[in-house]
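The values are calculated or read from the model by the stated rules, or taken from the named source; none is laboratory data. The model shown is predicted, which means the values in this text are computed figures rather than measured ones. Heads up, the Cβs are rebuilt from the backbone with ideal geometry, glycines too, and the neighbour counts pull from every protein chain shown. In case anyone asks, the SASA skips ligands and DNA or RNA and just uses the protein heavy atoms, side chains included. Shrake-Rupley method; radii C 1.70, N 1.55, O 1.52, S 1.80 Å.
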Amino acid sequence: MKENFILTLENLSFSYPDKSDVLKEVCFRISSSEHVGLVGPNGSGKTTLFLLLCGILTPQSGRITAMGKRVAAGRFNPNIAYLFQSPEDQLFSTTLFDDVTFGPLNMALPQEEVELRAARSLEQVGCSSLSERAPHHLSGGEKRLAAFATVLSMMPDIILLDEPTSNLDSLNRRNVINIIRQMKQTLMICSHDLEFLLETCQRVILIDRGRIIREGPIVELLSDERLMKSHNLEKPHSLTPHNRLSHDHR
Amino acid sequence: MELDQYARLRSPIHTWDARWKLIAIVPLIFVCAAVKHAPGLLCAALVSSTMVIISGLPIRHVLKILKGPFYFIIIMTPVLMLTSGGERLISWKVVSVYRSGLYIAARLAIKALSIMLLFICLFGTARFQESMKAMEFFKLPPILLSLLFFTYRYIFLYLEEFGKLLTAARLRGYTLLRGLKGLKSTVSILVTLLIRSYEQSERVYAAMRLRGYTGAFPTLCHFKTQASDVLKTSLLLSLSVLIVYMDVL
Amino acid sequence: MHISDGVLDIKIIAGGFTAAAGLTALALKKVKSDDIPRLAVMGAFFFVSSLIHFKVGITSIHLTFIGLMGIILGIPSILAILTGLFFQAVMFQHGGISTLGVNTVIFGLPALLVYGAFLPLAKRWKGRPFCLSLAGGILAGLTILTAAGLILVIIRFSGDEFTGIAFVFSAAHGILALVEGVITFFILRRLLKIKPEMLYAYKAGTLESSG
Ligand SMILES: Nc1ncnc2c1ncn2[C@@H]1O[C@H](COP(=O)(O)OP(=O)(O)OP(=O)(O)O)[C@@H](O)[C@H]1O
Ligand SMILES: [Mg+2]
């Protein structure tokens, strides 16, 4: 039965007007509450895949089903949230608070609920003190965290995170790891920070030139040195047993 | 550059409810634009400068904002004195200096500066979004308001981006628009940025749609009218009437 | 290029706001909520690019991009111009608050005219980007002259004392019109080659995005 899968992709293909076959015949299924990583070299189609999943782009063929319903492009679906690769696109209001409340207010929630959600999501990412600041005055990492808060305040069931750790210092990176590990929602995370994926995901999908190369349990897949090398990736250090440093830390 | 930099100070002007402040100051701005004669002009100048003093905004901040209108006046004065016509002060061949030019320049200066001062009181003593929400209260079309909000945000992005770009260009020893070659590279820079901004606008639109944007700009409103707000507004409105009365007299 | 605070008679100011309100209402009728992000982002872009000073000979000028805005944004460009002028007054003290209405008319009307003239040309010269860009460039140059003419007329109506000064300032607009026209021509040539859909995108078409 399909009920176990919260997100399914069937034979998804996509081309941009000036770049064909960005994604070809992509299929996968994701169960509820699963945390799935998405890895692949630059330009392999990860961001494009996310844009399709949340209905920003329309696939040329194939179908996407989320929570039993087909994802239609251009329709607002409060159950799916997407953290953009660039926070500049996502923080469009004049203060952080306005940005975090934008989604909940559009969902026509009562005012107290909106404020509660805003406060909680800002607190979660450790940005409570920035609530009245203007997005254009934040640092790169702060912008990233703020954008994350705007996603969290929607309380979606499915969250797509595009490079959530870029620009973050090690403390905030750790903080994001802790947030994600506690999250009960279904997550797809695309990242070049493989150590980060190792700590947050159970399963990983490797994608290159628009095709799914392999999917499987994260430790197993990322330790396959030959596979990783052939797709411009590097096996994470923490998976190398000879690496004394990481060994000692265990 | 950022007008609401000192919006967090506390003064009678700062604590004034943004909606009531709008009701009081906007008419006064038009009164300042309308006055013609010396008594009214002096009153307008007096009221507007008193307001700024009460607001407690740092003098340097105010002067920095006034720099623009001030330069304008400095340039205008000699030109006005040469072109205004009327009673001649000095005459030399075809060129003559007119006394009324000086008077007109002074009037211009007082009007422009008072309007600017009032404007600083209006927008410099409340956060930008608070002022916008006050405007929303007066039924400005929601589309216009969303436009103001989003434009404001992206102006800063492009200011930064252009700043970086111009610095980079200057570091490579290159001035915009020098000769035909300069023109070509200027155009290609502009086109690149233009396309990038267009594509960004599509992503921003997508981001808004993902969070349920339908055209309205939802905001949380926390305005509360107090007796002092009404008092301040009626005081200022009566002053406006007084200025008009003095000017007509 | 703007009319500043303190120059105009109150009647003209009131008339300016009335006319601007009419133009704005027209634009609001044409605009859909889907257009707002594009108007805002592009409006901000044009606003910032109009702040750049170009060196021409010994003087420096800054472009207005009014013609280009009319061509790219269509009738809603009025709204972008209005907000742009508002922020120019708020943030940089160019132009003025009391003259916001008048200035919106001065720039908005030419933008509308350019749009109106460009639309049939674009249909006729579909496969001839050179002619189309040339026409766009000429139209953009004409916007400056139209705006300068409007300024002159408005100031003339407002009272005698500023007529002399208005003539001096309008004369300086010849060179600006030339530069604006040339730059617009080159920009249009490029855009027609790389991304022609930008010029007539009235509706948000298929959304495209890059990483
Ligand atoms: N708007 C667009 N128009 C045309 N081609 C595009 C567009 N956006 C992306 N592409 C192309 O599609 C391919 C996939 O891009 P995508 O952004 O999905 O890669 P990615 O896996 O997210 O890469 P990265 O790791 O660098 O973020 C790339 O070759 C890119 O050049
Ligand atoms: Mg990407």
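Of the residues screened, B:Met76 is not one that is part of a helix (DSSP H, G or I), touching a strand residue (DSSP E or B) at 6+ places or on another chain (Cβ under 6 Å) and open to solvent by less than 50 Å² (accessible area, probe 1.4 Å). Here C:Phe107 meets each of (1) within 14 Å of chain B (Cβ to nearest Cβ); (2) assigned to a helix (DSSP H, G or I) with one exception, condition (1).
Okay, residues lined up against (1) more than 22 Å from B:Leu144 (Cα to Cα); (2) not in a helix (DSSP H, G or I):
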{"site": "B:Ser188", "(1), (2)": "yes, no"}
{"site": "B:Leu194", "(1), (2)": "yes, no"}
{"site": "B:Ser197", "(1), (2)": "no, no"}
{"site": "B:Glu202", "(1), (2)": "no, no"}
{"site": "B:Arg209", "(1), (2)": "no, no"}
{"site": "B:Gly212", "(1), (2)": "no, yes"}
{"site": "B:Phe217", "(1), (2)": "no, yes"}
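Total residues in the stretch C:19-36 satisfying the condition of being within 19 Å of the chain's Cα centre (by Cα) and in contact (Cβ under 8 Å) with a residue 40 or more places away in the chain: the figure is 11.
Condition check ((1) charged (D, E, K, R); (2) over 26 Å from B:Phe217 (Cα atoms); (3) within 16 Å of ligand 1 (Cβ to nearest atom)) across all residues:
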| site | (1), (2), (3) |
| --- | --- |
| A:Pro41 | no, yes, yes |
| A:Phe84 | no, no, yes |
| A:Leu109 | no, no, no |
| A:Val114 | no, no, no |
| A:Glu132 | yes, no, no |
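Scanning the stretch A:166-190 for residues that are within 16 Å of ligand 2 (Cβ to nearest atom) and buried (at least 21 other Cβ atoms within 10 Å of the Cβ) gives A:Met188, A:Ile189, A:Cys190. With respect to the conditions (1) in contact with a strand residue (DSSP E or B) (Cβ under 9 Å, 6 or more places away or on another chain); (2) closer than 23 Å to B:Leu148 by Cα; (3) open to solvent by 30 Å² or more (accessible area, probe 1.4 Å); (4) not acidic (Asp, Glu), A:Gly103 falls short on a single one, namely (3). Taking the criterion of being open to solvent by less than 10 Å² (accessible area, probe 1.4 Å) and away from every other protein chain (no Cβ under 12 Å), the residues of the stretch A:109-140 that qualify are A:Ser121, A:Leu122, A:Val125, A:Cys127. Residues in the stretch A:55-85 that are on the phi < 0 side of the Ramachandran plot and more than 14 Å from ligand 2 (Cβ to nearest atom): 20 in all.
Screening A:Phe97 with (1) part of a helix (DSSP H, G or I); (2) facing chain B (nearest Cβ under 9 Å); (3) open to solvent by less than 40 Å² (accessible area, probe 1.4 Å) gives one miss only, at (3).
Hey, among the residues in the stretch A:21-53 that are within 26 Å of B:Ala207 (Cβ to Cβ) and polar (S, T, N, Q), which one's nearest to ligand 2 (Cβ to nearest atom)? Spell out how you get there, then give the answer.
Step one: filter the stretch A:21-53 for residues within 26 Å of B:Ala207 (Cβ to Cβ), giving A:22-23, A:26, A:28, A:30, A:32-53.
Subset that is polar (S, T, N, Q): A:32-33, A:42, A:44, A:47-48.
On the way: A:Ser32: 26, A:Ser33: 25, A:Asn42: 8, A:Ser44: 9, A:Thr47: 3, A:Thr48: 8 Å.
It comes out as A:Thr47.
For the stretch A:68-87, a residue qualifies if it is modelled with pLDDT under 90, within 16 Å of the chain's Cα centre (by Cα) and at the interface with chain B (Cβ under 7 Å from one of its Cβ atoms), and exactly one does: A:Pro78. Annotation note: Cβ proximity below 8 Å between a residue of the stretch A:172-184 that is free of Cβ contacts under 8 Å to residues at least 40 places away in the same chain and a residue that is open to solvent by 20 Å² or more (accessible area, probe 1.4 Å) (sequence gap 6+ or interchain) occurs for A:Arg173/A:Asp193; A:Ile177/A:Glu199; A:Arg181/A:Glu199.
Based on this model, can you work out whether A:Leu57 counts as over 16 Å from the mean Cα position of the chain (by Cα), within 10 Å of another protein chain (Cβ to nearest Cβ) and within 13 Å of ligand 1 (Cβ to nearest atom)? Yes, satisfied.
Within the set of pairs 6+ apart or on separate chains, which have a first residue in the stretch B:84-112 that is closer than 30 Å to B:Ile29 by Cβ and in contact (Cβ under 8 Å) with a residue 60 or more places away in the chain, a second that is small (Gly, Ala, Ser) and in a loop (DSSP other than H, G, I, E, B), and C-beta atoms under 8 Å apart? Sorted first by the residue in the stretch B:84-112, then by its partner, the pairs are B:Arg107/C:Gly6; B:Ile110/C:Gly6; B:Lys111/C:Gly6. Being at pLDDT below 90, in contact with a Leu (Cβ under 9 Å, 6 or more places away or on another chain), of a type in the set (Ser, Thr, Tyr) and open to solvent by 30 Å² or more (accessible area, probe 1.4 Å) is the requirement here; does B:Thr83 meet it? Criteria not met by B:Thr83.
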